[in-house]
Amino acid sequence: MPEVHPMPRPMPPLRARCAVLLLSAAGLCSLSGCAVVAVADAAVTVAATAVKVTATVVETTVDVAAAGVKAVTKDDVPADAAK
């Protein structure tokens with residue numbers, strides 16, 4: 001059975017916490033920017049695709065609505081017979 005501690009472990013000293021924070025920040029800064037660029041590129045591609053799909057849907061909706069308006073307002077009498 002594991003040993004149970006009545007008190008939680010004390011926090012490490014401030015110097016140790018600062019060192020860990022500094023090393024973590026240095027590690028993050030040393031990462032290649034390629035990953036950041038790749039993620040940003042993917043986000044832009046997704047956004048552009050969403051805009052393109054939305055524009056296509058709106059265009060189709062407008063075309064269908066225009067066809068419906070033409071069908072409703074179309075005269076049943078041919079142009080020659082109306083004169």
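Does Val77 satisfy the condition of being out of contact with any strand residue (DSSP E or B) (no Cβ under 8 Å at 6 or more places or on another chain) and at pLDDT 85 or above? Against the criterion (out of contact with any strand residue (DSSP E or B) (no Cβ under 8 Å at 6 or more places or on another chain) and at pLDDT 85 or above), Val77 does not qualify. Could you list, in sequence order, all residues of the stretch 28-66 that are modelled with pLDDT under 85, part of a helix (DSSP H, G or I) and of a type in the set (S, T, N, Q)? Of everything in the stretch 28-66, nothing turns out to be modelled with pLDDT under 85, part of a helix (DSSP H, G or I) and of a type in the set (S, T, N, Q).
For the stretch 1-27, the candidate set comprises residues that are at pLDDT below 70 and of a type in the set (A, V, I, L, M); within that set, the residue that is surrounded by the most Cβ atoms within 10 Å (Cβ to Cβ) is Met11.
The values are calculated or read from the model by the stated rules, or taken from the named source; none is laboratory data. Owing to the predicted nature of the structure, the values given are computational and were not obtained by experimental measurement. Cβ atoms come from the backbone with ideal geometry, glycine included; neighbour counts cover every protein chain shown.
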